[in-house]
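Sharing a structure below in structure tokens format, with a few things to ask.
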Amino acid sequence: MEDRTHSADCVVVGGGLIGMLSARALAREGLTVILLEQGGLCRESSWAGGGIISPLVPWEYPDAVTALVRWSQPHYPQLAADLLAETGIDPEWTQSGLLLLDCEPDAEVAAWQSRFPCPLERVMASRLQETEPAIADGFGTALLLPEVAQIRNPRLGRALARSLELQGIGVHEQCRVTGLRVADDRVQGVNTAQGRFTAGRVVIAGGAWSAQIVASPVPGVPVEPVLGQMIMYQAPPGLLRHIVVHDGYYLIPRRDGLVLAGSTLERTGFQKHTTQAARALLTGEALKLLPGLSAYPVVGHWSGLRPGSGDGVPLIGEVPGVRGLFLNAGHFRNGVGMAPASARLLVDGMLGRESFTDPAVYVPALPV
Ligand SMILES: Cc1cc2nc3c(=O)[nH]c(=O)nc-3n(C[C@H](O)[C@H](O)[C@H](O)COP(=O)(O)OP(=O)(O)OC[C@H]3O[C@@H](n4cnc5c(N)ncnc54)[C@H](O)[C@@H]3O)c2cc1C
């Protein structure tokens, strides 16, 4: 085995959106950063996701999730513009709006909106087709959040990968972290099949695998894989205007006409797979919303492992008892939406700065 030793101020483990944005933010603060990825950059959950920059039904999530999404939302257009200018790759930030079908503005919605004000329009059933012309008949009142946007996450991943390269961040793909190096309750780096990497700060952004990576010395980190399957139609641009949500399922229109239909929630371990049953389910749900999709082919069907955490609130911050070891993990269904804010919060905490929200909510409280 080749035994190479590398060192930096900070090693980031995991090359999904969370790891890449964390590495980029750390490097922009002047730290030297190495990013280690067991496969290729942005090939797991961050590639598989839908890219909606909002929870599907925002008021059903803890305020701690909304706080991160709310910070990210106005920062995404600038991030996309910066990445386009820097790399030539357009992550296609698009303000499609989020249309929730069969949804009344009840007390829960009102209470949420008073805590997190934003434009929200009630769309009467009789006027639904004016808002979304090809939507199926028969739905009741809808709620429209016109400011909700999406990002084309595989493109965001490609742009970030190029940005890291341009910033001179040491990215090592096909480099699996096999263990942490800890002495006197302080992290010293990581071990990999390619040798040791030394750093006084290590950030675990390993998505669904984060608990495995830190199992020694920190067992019981509450992050577990939750599989999600999606399908994709090749439709003409404009067939669908908004991100549409109904009964846990959703459609996302890309600029070029692709329509993504998601998704399943399956607790089947680390095995990534697609099934005919899920394809039939997602097709059925998609056609219930947009019957016109039946004229167009399904051109993609994939799955990804979300980093599941109980209530969807990620673990961000230094691990109590192991100085220099940080988590940025467990973003479950909203990691794209929370990613820029999570990177900001991580970096502010690491540098001892005040941040935009109370970091205590996210500090890893781990079983002892
Ligand atoms: C079907 C589906 C739809 C989704 N839709 C949305 C959406 O619309 N909006 C939204 O906000 N979120 C969505 N999500 C969730 C979102 O994709 C995730 O929350 C987010 O991508 C998590 O990012 P991550 O970087 O933590 O994880 P990942 O992207 O999984 O990255 C973790 C990386 O760590 C690497 N790694 C693991 N172990 C090691 C090791 N030992 N050594 C080195 N590297 C390692 C992995 O290879 C991986 O590349 C969706 C997810 C799925 C599956």
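Want the number for residue 63 to residue 287: 0.36 nm per residue separation, take away the alpha-carbon distance, what's left?
Working: separation 224, 0.36 × 224 = 80.64 nm, distance 3.28 nm.
Full-extension gain reported as 77.4 nm.
Another question, then. Report the extension gain between residue 90 and residue 127 in nm, rounded to one decimal, defined as 0.36 nm multiplied by the number of residues separating them, less their alpha carbon distance.
Working: separation 37, 0.36 × 37 = 13.32 nm, distance 3.41 nm.
Value of the extension gain: 9.9 nm.
Ok, one more. Would you mind getting me the FRET efficiency between residue 247 and residue 270? Use the beta-carbon distance for r and R0 = 30 Å, nearest 0.05. Before the final figure, lay out the partial values.
Values: r = 28 Å, r/R0 = 0.95.
With R0 = 30 Å, the Cβ-Cβ based efficiency is 0.60.
Could you tell me which residue out of 200, 313, 351 lies farthest along the dipole of the chain toward its positive end? Charges go on the beta carbon: Lys and Arg +1, Asp and Glu -1, centred on the Cα centre.
Positive-most Cα among the choices belongs to 200.
Would you calculate the separation in nanometres between label points at residue 299 and residue 110, each defined as 7 Å from the Cα along the Cα-to-beta-carbon direction?
The answer from the label model is 4.6 nm.
Heavy atoms only, probe 1.4 Å: what % of the accessible area of segment 1-128 goes to carbon and sulfur, would you let me know? Walk me through the numbers before you get to the answer.
On the way: 2680 of 5300 Å².
Result for segment 1-128: 50 percent of the exposed heavy-atom area is carbon or sulfur.
So which residue, out of 309, 355, 263, gets the largest mean-square fluctuation from a GNM of the chain using Cα contacts under 10 Å as springs?
355
A follow-up question, please. Considering only 124, 210, 283, whose Cα is most displaced toward the positive end of the charge dipole of the chain, charges sitting on Cβ of Lys, Arg (+1) and Asp, Glu (-1)?
210
Find, among the chymotrypsin sites (Phe, Trp or Tyr not before Pro) in segment 220-279, those assigned to loop by DSSP (not H, G, I, E, B) with at most 13 other beta-carbon atoms within 10 angstrom.
Numbers: sites: 233, 249, 250, 270; in loops: 270.
Loop-located and lightly packed - 270.
Considering only protein heavy atoms and a 1.4 Å probe, what is the carbon-and-sulfur percentage of the accessible area of segment 140-188?
Values: 800 of 2150 Å².
Summing carbon and sulfur atoms, their accessible area is 37 percent of the total for segment 140-188.
While we're looking at this one, here's another question. Within segment 33-64, whose backbone N sits under 15 Å from a point 7 Å along Cα→Cβ of residue 174?
37-41
I want to verify a result. In a Gaussian network model of the chain, Cα cutoff 10 Å, which of these has the top mean-square fluctuation: 246, 172, 75?
75
So what is the relative contact order of segment 207-295, in percent, for Cα pairs below 8 Å that sit 6 or more residues apart?
Details: 128 pairs, mean separation 24.6, N = 89.
Across segment 207-295, relative contact order equals 28 percent.
With charges only on Cβ, +1 for K and R and -1 for D and E, what is the dipole size of the chain about its Cα centre, in debye, rounded to 20? Could you put the intermediate results ahead of the total?
Values: 29 positive and 35 negative charges, 160 e Å.
Dipole of the chain, to the nearest 20 debye: 760 debye.
Quick one: how many Å² of residue 43 are accessible to a 1.4 Å probe, rounded to 10?
Around 130 Å² of this residue is reachable by solvent.
A further question on this structure: Using a 1.4 Å probe and counting only protein heavy atoms, arrange 350, 124 so the residue with the most accessible area comes first.
Numbers: 350 20, 124 90 Å².
Largest accessible area first, the residues go 124, 350.
How big is the gap, in Å, between the Cα center of segment 216-290 and the Cα center of segment 1-53?
25
While we're here: What value, in deg cm²/dmol to 500, does the helix sum -39500 (n - 2.57) over DSSP H runs of n ≥ 4 give at 222 nm once divided by the residues of the chain? Can you show the working numbers first?
Numbers: 9 runs with 103 residues, N = 368.
After summing the helix terms and dividing by the residues of the chain, the value is -8500 deg cm²/dmol.
Running a GNM on the chain with Cα contacts under 10 Å, which residue among 97, 330, 300 ends up with the highest mean-square fluctuation?
300
What number comes out for the charge environment of residue 303, summing +1 per Lys or Arg and -1 per Asp or Glu over other residues with Cβ under 9 Å away? Before the final figure, lay out the partial values.
On the way: positive: 272; negative: 266.
Summing Lys and Arg as +1 and Asp and Glu as -1 gives 0.
Dipole of the chain (Lys/Arg Cβ +1, Asp/Glu Cβ -1, origin at the Cα centre): which of 113, 360, 143 lies farthest to the positive side?
Projecting each Cα onto the dipole axis, the largest value belongs to 360.
With +1 on each Lys and Arg Cβ and -1 on each Asp and Glu Cβ, how big is the dipole of segment 82-210 about its Cα centre, in debye rounded to the nearest 20? Write out the running numbers ahead of the final one.
Details: 12 positive and 17 negative charges, 185 e Å.
Rounded to the nearest 20 debye, it is 900 debye.
Only four residue types carry charge here, +1 at the Cβ of Lys and Arg and -1 at the Cβ of Asp and Glu. Report the dipole size of segment 1-97 about the Cα centre in Debye, rounded to the nearest 20. Walk me through the numbers before you get to the answer.
Numbers: 5 positive and 12 negative charges, 22 e Å.
Computed about the Cα centre, the dipole is about 100 debye.
Additional query: What relative contact order, as a whole-number percentage, does the chain give when Cα pairs under 8 Å and 6 or more residues apart are counted? Don't skip to the end; give the middle numbers.
Numbers: 861 pairs, mean separation 87.9, N = 368.
After rounding, I find 24 percent.
Leaving out ligands and nucleic acids, note down the accessible area per residue over the chain with a 1.4 angstrom probe, in whole Å². Walk me through the numbers before you get to the answer.
Values: 14900 Å² over 368 residues.
Accessible area per residue, the chain: 40 Å².
The values are calculated or read from the model by the stated rules, or taken from the named source; none is laboratory data. Only a predicted model underlies this, so the values are computations on that prediction, with no experimental measurement involved. Don't worry about glycine lacking a Cβ; one is built from the backbone with ideal geometry, like all the others, and counts go over all protein chains shown. The protein model used for the area step is the full one, side chains on, heavy atoms only, and it has no ligands, DNA or RNA in it. Shrake-Rupley method; radii C 1.70, N 1.55, O 1.52, S 1.80 Å.
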